[in-house]
Amino acid sequence: MIKTLRSTNPKEVLCYFYCKRDGEASRRKPLTVLQAIIKQLSLCQPDSLPNEIFLRYTKDQKRGFPAGKSGVLQWEDCKELLLSLLNIYPQTTIIIDALDELDLDYESKHRGLLLELLNDVVLQCGSLVKVFVASRDDQDIVMEFKKVPNLFIKATDNLKDIERYIIREFETDKRFTRHPWSPELKNTVYAELCKKASGMWV
């Protein structure tokens with residue numbers, strides 16, 4: 001998807017983050033998602049950092065942070081900085097994969113804050129901002145995104161694509177022309193795969 005967007009609209013700014021419950025702990029923290037998006041927005045200009053970043057750095061220095069080691073951005077900092085950076089660019093797409101993998105137990109209110117902030121970004125930014133989220137249908141996520149213009153795609157919406165894919169494989173893969181792949185067996189396998197795929201590619 002990222003490659004497609006970059007090829008169709010090279011001037012569009014893309015930011016993305018892959019959440020993951022297993023493994024690296026930071027990948028399931030909502031605040032890390034915001035920090036990563038802000039970092040990507042800060043590095044989009046080829047020749048220099050945005051003025052908003054320099055102002056933030058100067059502010060940190062006045063607070064007593066050592067040169068070159070600005071403070072870690074917290075929620076209020078992120079919200080203010082994110083909106084400012086997004087308004088620099090005419091069009092931005094934010095992609096978050098596996099949003100449901102973010103912790104509900106760890107700083108549980110932060111997942112809700114992230115969802116609210118994504119809504120605010122869509123509604124309040126002066127420039128065009130689109131948010132693409134891949135996620136299970138967790139209720140907090142579904143309910144929050146119903147507050148903004150959206151297009152929900154369910155896992156079962158790609159059933160026709162899966163059906164076409166299975167038929168094509170049966171027709172083109174020579175292994176399916178040999179024993180024991182009778183027409184009856186192919187029909188049985190086809191029906192079971194379509195029934196149990198639940199939107200997942202086989």
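The values are calculated or read from the model by the stated rules, or taken from the named source; none is laboratory data. It should be emphasised that the depicted structure is a prediction, and the values quoted were computed from it without experimental measurement. Methodologically, a virtual Cβ is constructed for each residue, glycine included, from the backbone with ideal geometry; neighbour enumeration extends over all protein chains shown. Side chains are part of the model used for accessible areas, which takes the heavy atoms of the whole protein and leaves out ligands, DNA and RNA. Shrake-Rupley method; radii C 1.70, N 1.55, O 1.52, S 1.80 Å.
The set of residues from region 127-162 being touching a helix residue (DSSP H, G or I) at 6+ places or on another chain (Cβ under 6 Å), at pLDDT below 90 and over 23 Å from ARG21 (Cα atoms) comprises LYS147, VAL148.
Taking every residue in region 95-113 that is open to solvent by less than 20 Å² (accessible area, probe 1.4 Å) and pairing it with any residue that is modelled with pLDDT under 80 and assigned to a loop (DSSP other than H, G, I, E, B), at least 6 positions away or on another chain, the pairs with Cβ-Cβ distances below 9 Å are ARG111/LEU104.
LYS109 falls short of the stated requirement of being at pLDDT 80 or above and either outside any loop (DSSP other than H, G, I, E, B) or touching a helix residue (DSSP H, G or I) at 6+ places or on another chain (Cβ under 8 Å) (or both). Of all the listed residues (PHE170, PHE152), the sole one being free of Cβ contacts under 8 Å to residues at least 24 places away in the same chain and surrounded by 15 or more Cβ atoms within 10 Å (Cβ to Cβ) is PHE170. So is LEU82 closer than 18 Å to PHE145 by Cβ, more than 15 Å from the chain's Cα centre (by Cα) and modelled with pLDDT of 90 or more or not? Taking the combined requirement at face value, the residue satisfies it. Only one of LEU34, LEU49, LEU5, LEU14 is in contact with a helix residue (DSSP H, G or I) (Cβ under 8 Å, 6 or more places away or on another chain) and closer than 15 Å to GLN91 by Cβ. Can you tell me which? Going through LEU34, LEU49, LEU5, LEU14 in turn, just one is in contact with a helix residue (DSSP H, G or I) (Cβ under 8 Å, 6 or more places away or on another chain) and closer than 15 Å to GLN91 by Cβ: LEU14.
The number of residues in region 10-56 that are charged (D, E, K, R), touching a Lys or Arg at 6+ places or on another chain (Cβ under 7 Å) and crowded, with 17+ Cβ neighbours inside 10 Å comes to 2.
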